[in-house]
């Protein structure tokens, strides 16, 4: 071999070998994920529905992924603190978030100082559950369904009072008033229990909230009556209860829970997480546990969850602009 050719080969060979080794190593690196413990951050307090879901899912997730899954509660600022922590985490699939729609589609709109962009900061993984909001009233309320409510409310220019709690319920109430072309006077309560008690005592005319065992017990005892549910289709946990959309087409008001990773997390990790969650949600007893918390097990692709977040943001922005809603 000529001397000049040998010298050129000597100069290029290390680079060629290095590139080959790097390319060869990429599939191996991808195949080893996950290789350590995964943090499942819940941005709400222990004992609530979101926390119950996370702790129920942790064990079957660990089995599906072959690594421990540890639940950590990071609370504060209506969920923004925990969500921001995940947004700042390394995008390697080892820190993920279980949260509700409020943290992604409502709080960032209502609080411009929220320290993350709900679209740019996260990689959606999958939905895990849904629960429509439920519209109910004291038995003395003259209407027995949504049609009757609309007719009654339109005769009262001062508005009908409604107990609300949390950003999702407030948005649902604004959307209800807009869809029905009537006025609602929102009375805020600090939690589902106080709002339920307000309706029980007749202190508010209406109430809108997620379903619960306590609510259904009062309905069955005749102490409250259901007017409708906020899902687009009949809610299987409340057979026979009509949807609000049957009278007010297009109305949708529901809570959902989803899994998110930091933006930039490799697609393979996102897809493995998606499949692991679907496996965990299909485990025996999981549907019953979710049902006990008035939640329907629901899954999605990452792309479907991304579209749900985008639609939710658009809805919130529209309501905020129409009604001048403040934080």
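Here are some notes:
- Residue that is modelled with the lowest pLDDT, among those in the stretch 66-96 that are out of contact with any strand residue (DSSP E or B) (no Cβ under 7 Å at 6 or more places or on another chain) and assigned to a helix (DSSP H, G or I): 78
- Residue 102 within 18 Å of residue 49 (Cβ to Cβ) and at pLDDT below 95: yes
- Complete set of residues in the stretch 99-157 that are part of a loop (DSSP other than H, G, I, E, B), assigned by TED's automatic domain parsing to the domain that holds residue 291 and under 25 Å from residue 207 (Cα atoms): 111
- Verdict on residue 264 being farther than 24 Å from residue 296 by Cβ and in a loop (DSSP other than H, G, I, E, B): yes
- Looking across the stretch 188-199, the residues that are over 10 Å from residue 136 (Cα atoms) and either in contact (Cβ under 8 Å) with a residue 12 or more places away in the chain or surrounded by 22 or more Cβ atoms within 10 Å (Cβ to Cβ) (or both) come down to 188, 189, 190, 191, 192, 193, 194, 195, 198.
- Every residue from the stretch 253-299 that is out of contact with any strand residue (DSSP E or B) (no Cβ under 6 Å at 6 or more places or on another chain), modelled with pLDDT under 95 and surrounded by 18 or more Cβ atoms within 10 Å (Cβ to Cβ): 293
- All of 148, 102, 66, 79 fail the test of being surrounded by fewer than 18 Cβ atoms within 10 Å (Cβ to Cβ) and over 23 Å from residue 272 (Cα atoms), apart from 148.
- Those residues of the stretch 194-246 which are in contact with a helix residue (DSSP H, G or I) (Cβ under 7 Å, 6 or more places away or on another chain), in a helix (DSSP H, G or I) and closer than 23 Å to residue 179 by Cβ, in sequence order: 215, 244
The values are calculated or read from the model by the stated rules, or taken from the named source; none is laboratory data. For clarity, every value in this text was computed on a predicted model and none was experimentally measured. A quick note on method: Cβ atoms are made from the backbone with ideal geometry, for glycine too, and the neighbour counts reach across all protein chains shown.
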